1. Within the set of pairs 6+ apart or on separate chains, which have a first residue in segment 197-210 that is assigned by TED's automatic domain parsing to the domain that holds Glu177, a second that is loosely packed, with under 15 Cβ neighbours inside 10 Å, and C-beta atoms under 8 Å apart?
2. Please pick out the residue among Asn73, Asn86 that is modelled with pLDDT under 95 and under 23 Å from the mean Cα position of the chain (by Cα).
3. Identify all residues within segment 7-61 that are acidic (Asp, Glu), in a loop (DSSP other than H, G, I, E, B) and within 22 Å of Val107 (Cα to Cα); write none if there are none.
4. Out of all the residues in segment 269-317, which are hydroxyl-bearing (Ser, Thr, Tyr) and more than 24 Å from Ala169 (Cβ to Cβ)?
5. Kindly indicate which of Glu272, Glu278 is farther than 24 Å from Ala206 by Cα and either assigned to a helix (DSSP H, G or I) or within 15 Å of the ligand (Cβ to nearest atom) (or both).
6. So Tyr268 clears everything in (1) crowded, with 22+ Cβ neighbours inside 10 Å; (2) in contact with a Gly (Cβ under 9 Å, 6 or more places away or on another chain); (3) among the aromatic types (Phe, Trp, Tyr) except one condition, right? Which one?
Amino acid sequence: MKITYSTNKKQKPEFSNLGFGKYFTDHMLVMDYKDGKWQEIQILPYQDFSIDPSTNILHYGQGIFEGMKAYKNKNGKITMFRSYDNLKRMNNSAKRLCMPEIDIDEVFEGIKKLIQIDSDWIPTQSGASLYVRPAMIAFDKMLGVHPAHEYRFFVILSPVGSYYANGLAPTKIMIEENFVRAAIGGTGEVKCMGNYAASLLAGEIASQKGYDQVLWLDAAEKKYVEEVGAMNIFFVIDGIVKTPKLVGSILPGITRDSAIKVLKDNGYEVQETRISVEEILQAQEEGKLDEAFGCGTAAVISPVGVLGYGGKDIIINNNQMGPVASFLYDTITGIQYGKIEDKYNWLIAIN
Ligand SMILES: *Cc1c(COP(=O)(O)O)cnc(C)c1O
């Protein structure tokens with residue numbers, strides 16, 4: 001690992017008003033792939049890349065990313081949450097996009113060092129953390145449509161506040177009946193860059209109609225729910241917690257997996273199953289739709305208060321965060337911030 005320290009430190013933003021992904025720390029990690037192998041990890045002052053206009057990523061989107069968080073508690077102890085799982089998932093994404101896999105242990109050591117160097121950028125107020133963004137892009141200068149021979153892997157760090165401007169207030173979600181996010185056999189189950197570009201238009205139209213995000217349905221029948229925006233979705237129907245089964249078009253979220261484990265361990269019945277819109281509407285009519293919430297690293301848990309479908313809105317749990325969502329939020333963030341015992345060994349010490 002080669003480290004070049006910044007001699008020109010940035011002015012830090014106001015930590016009480018960070019928003020999401022707007023500020024970046026003083027250093028970044030870069031590792032290039034050439035001649036059939038990964039080169040030495042470099043930690044460098046945060047800076048622009050110089051990219052030839054023909055560089056493959058700019059044309060065909062052969063690019064993947066991850067998102068994870070580092071937390072600092074009151075005693076200055078820094079931890080990350082299940083980050084090896086993120087790097088494993090990144091290697092799955094790499095395989096799907098014909099990109100080279102990274103050495104997880106070596107890369108994690110690099111990320112750890114990067115976070116240690118920029119540790120005074122980690123905010124400590126409630127809900128805040130250091131968002132860690134690894135990404136990998138095709139770096140060949142050529143316009144042929146085939147896998148690149150050169151790649152750049154990099155990691156940038158961003159101090160973030162709570163994901164939603166209005167905190168944990170329930171969101172208003174529109175069930176998307178026209179556009180689809182992912183089809184089985186496509187790239188929906190990996191974190192590749194193009195998935196997000198392709199999902200923007202539906203989100204924009206929903207936003208014009210007054211909704212925060214869309215609830216995606218399966219591509220084949222547009223009958224079964226899959227994800228909410230870029231989060232996994234859970235419903236509580238008649239006391240049973242249900243989340244869509246990982247059928248090949250759904251991103252296997254680490255928060256989703258954590259939520260399932262925490263719930264099962266605490267006596268909840270959890271079903272990974274197909275959930276139709278019809279089942280949700282019927283449950284609502286019978287007064288059995290207890291809760292709905294999204295989950296992901298950025299927001300952790302995001303309750304759904306209103307669900308729009310076919311021009312009508314249904315209100316869930318009086319547009320309040322429900323007990324299952326609250327329990328999960330408190331438990332998962334409690335573990336992340338070191339307030340609740342980490343009996344799953346999810347935390348990784350950084351300092
Ligand atoms: C990243 C992501 C999630 C959440 O995954 P986590 O590992 O929990 O952060 C869910 N759905 C999509 C489409 C995503 O990109």
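The values are calculated or read from the model by the stated rules, or taken from the named source; none is laboratory data. None of the values given here were measured: they were computed from a predicted structure. Heads up, the Cβs are rebuilt from the backbone with ideal geometry, glycines too, and the neighbour counts pull from every protein chain shown.
1. Going by the 8 Å Cβ cut-off, the qualifying pairs are Ala202/Asn178.
2. After ruling out the rest, the residue left standing is Asn73.
3. Asp26, Asp35, Glu40, Asp48
4. Thr273, Ser276
5. Only one candidate qualifies: Glu272.
6. Single failed check for Tyr268: (1).
Yes/no per residue for (1) touching a residue at least 24 places away in the same chain (Cβ under 8 Å); (2) out of contact with any Lys or Arg (no Cβ under 7 Å at 6 or more places or on another chain); (3) outside the structural domain of Lys10 (by TED's automatic domain parsing):
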| site | (1), (2), (3) |
| --- | --- |
| Thr79 | yes, yes, no |
| Ser83 | yes, yes, no |
| Lys88 | no, yes, no |
| Leu97 | yes, yes, no |
| Asp105 | no, yes, no |
| Arg133 | yes, yes, no |
| Phe139 | yes, no, no |
| Val145 | yes, yes, no |
| Phe154 | yes, yes, no |
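Yes/no matrix, rows are residues, columns are (1) among the polar types (S, T, N, Q); (2) away from the ligand (no atom under 16 Å from the Cβ):
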{"site": "Asp140", "(1), (2)": "no, yes"}
{"site": "His149", "(1), (2)": "no, yes"}
{"site": "Pro159", "(1), (2)": "no, yes"}
{"site": "Thr187", "(1), (2)": "yes, no"}
{"site": "Leu200", "(1), (2)": "no, no"}
